[in-house]
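What follows is a set of notes on a single structure, which appears directly below.
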Amino acid sequence: QVQLVESGGGLVQAGGSLRLSCAASGSTFNINAMGWYRQAPGKQRELVAAISSGGSTNYAYSVKGRFTISRDNAKNTVYLQMNNLKPEDTAIYYCYADQVPAKYWGQGTQVTVSS
């Protein structure tokens with residue numbers, strides 16, 4: 001089992017920045033991809049960014065150039081630096097970790113961007 005604990009959400013004005021962190025604990029051996037999804041009210045959960053154990057990254061088109069995902073394998077932690085935030089980025093952000101065949105989720109952290 002892997003436990004994921006997120007931190008760093010909050011309220012920010014449009015154009016501002018936030019940094020999310022997600023620390024994995026438990027049986028963290030062989031975690032492959034880690035990343036972030038988000039879910040806004042009334043919308044489906046969508047992938048925001050992902051990073052493989054080797055450092056390859058993937059971003060949603062809507063956040064490219066504004067968000068940066070990074071990972072510290074020694075600390076089993078993944079980060080999401082969010083710059084130039086927009087009101088449409090408002091959502092609950094969920095961290096995940098893939099450990100085939102399982103997928104683990106964090107509890108979610110609220111990000112609210114005011115206009």
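The values are calculated or read from the model by the stated rules, or taken from the named source; none is laboratory data. Model, not experiment: these values are computed from the prediction. Please note: Cβ atoms are built from the backbone with ideal geometry, for glycine as well, and neighbour counts cover all protein chains shown. Accessible surface areas use protein heavy atoms only, side chains included; no ligands, DNA or RNA. Shrake-Rupley method; radii C 1.70, N 1.55, O 1.52, S 1.80 Å.
Quick notes on this one:
- Residue in the stretch 22-53 that is modelled with the lowest pLDDT, counting only those that are among the hydroxyl-bearing types (Ser, Thr, Tyr) and under 23 Å from Gln110 (Cβ atoms): Ser25
- Only strands (runs of 3 or more DSSP E) whose full extent lies in the stretch 69-115 are considered here, and the ones with at least 1 residues that are open to solvent by less than 40 Å² (accessible area, probe 1.4 Å) and under 17 Å from Gly8 (Cα atoms) are 77-82, 91-99, 109-114.
- When we screen Ser56, Ser62 for residues that are at pLDDT 95 or above and more than 25 Å from Gly10 (Cβ to Cβ), the only hit is Ser56.
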